[in-house]
Amino acid sequence: MISAQALLFDMDGTLVDSGPAIQQCWDQWVDEYGIDRARFDQVIGHGIPARQIAAQLLPAEAVAEATDRLEQLEIDRAPDLRVLPGTRELLASLPDDAWAVVTSCTRPLAEARVKAVGIDPPLLITADDVTTGKPDPEPYLTAARRMGADPAHCVVFEDAAAGLISARAAGTRAVAVTTTGTAQELQAHADTVVADLSYVECAPALEPPVEVHVHT
């Protein structure tokens, strides 16, 4: 059992099953901009903000427009998304001031996705709220600060190594879910590894702290 002041959730691949839609968008984007596939495969990383990836693939003057194009492709596909197992049940058990979503998406895209799947986070931290995205610790430090929580008493849930590295660097506990990667890929960066959020339960509470039970 973990006593936590705040639970901080990555969105894509942790709460929302967006992997196939994201892959389709990236494939179309790469084709539209004539990007070398081998170079793209070297740079792409799950959980890293799109603008950071685009900046490594395109001239500086093209990054903003190209990032906007990718964002629109992804927004257009938002209605097709679904939540991952355990998401609704876990979030419904939490007090509003005890959880937040911390994503590498821009705010318009993040809002489109949570709206499409019916999630209403009390706090949403996006790529637009930070200077440097995951794997830098800034996203999770920003979320903890805005919630008035000590990072050491926060638990992060992530499906990507970049997000787990961000969480660990911020000083939080980190729970990996193997919805998009393997336990072998993630366990070095996490305190605990589970299949999905259906393995996580929280005791009913009206306000923080929350008792978190992770069933491995």
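The values are calculated or read from the model by the stated rules, or taken from the named source; none is laboratory data. Note that the coordinates shown come from a computational prediction; the quantities given were computed from them, not determined experimentally. Cβ placement follows ideal geometry from the backbone for every residue including glycine, while neighbour counts extend to all protein chains displayed. To get the accessible areas, we keep the full protein, side chains included, count just its heavy atoms, and leave off ligands, DNA and RNA. Shrake-Rupley method; radii C 1.70, N 1.55, O 1.52, S 1.80 Å.
Any chance segment 71-93 includes a residue that's without any contact (Cβ under 8 Å) to a residue 24 or more places away in the chain and either over 30 Å from Arg145 (Cβ atoms) or in contact with a Ser or Thr (Cβ under 6 Å, 6 or more places away or on another chain) (or both)?
yes
Taking segment 201-216 as the search range and keeping residues that are over 14 Å from Phe157 (Cα atoms) and among the hydrophobic types (A, V, I, L, M, F, W, C), which one is least open to solvent (accessible area, probe 1.4 Å)?
Val210
Within segment 147-201, how many residues are among the aliphatic types (A, V, I, L, M) and under 18 Å from Pro49 (Cβ atoms)? Walk me through how you get there before you give the answer.
Restricting attention to segment 147-201, the residues satisfying the condition of being among the aliphatic types (A, V, I, L, M) are 147, 149, 152, 155-156, 160-162, 164-165, 167, 169-170, 174-177, 183, 186, 188, 190, 193-195, 197, 200.
Now restrict to residues that are under 18 Å from Pro49 (Cβ atoms): 156, 160-162, 164-165, 167, 169-170.
Residues meeting the conditions: 9.
I'd like to check something: does segment 173-186 contain any residue that is at pLDDT below 95, polar (S, T, N, Q) and part of a helix (DSSP H, G or I)?
yes
Take residues that are of a type in the set (Asp, Glu) and tell me which of the helices (runs of 4 or more DSSP H) falling wholly in segment 9-80 contain 1 or more. Walk me through how you get there before you give the answer.
On the way: elements: 19-32, 37-43, 50-57, 60-77.
Correct list: 19-32, 37-43, 60-77.
Given the criteria more than 24 Å from Glu211 (Cα to Cα), of a type in the set (Lys, Arg) and within 11 Å of the chain's Cα centre (by Cα), does Lys115 qualify?
Details: more than 24 Å from Glu211 (Cα to Cα): yes; of a type in the set (Lys, Arg): yes; within 11 Å of the chain's Cα centre (by Cα): no.
Considered against the rule, which asks whether it is more than 24 Å from Glu211 (Cα to Cα), of a type in the set (Lys, Arg) and within 11 Å of the chain's Cα centre (by Cα), Lys115 comes out as no.
Results for (1) closer than 21 Å to Gln72 by Cα; (2) in a helix (DSSP H, G or I), shown as yes or no for each residue.
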residue: Arg88; (1), (2): no, yes
residue: Leu91; (1), (2): no, yes
residue: Leu94; (1), (2): no, no
residue: Leu109; (1), (2): yes, yes
residue: Lys115; (1), (2): yes, yes
residue: Pro122; (1), (2): no, no
residue: Gly133; (1), (2): yes, no
residue: Asp136; (1), (2): no, no
residue: Leu141; (1), (2): no, yes
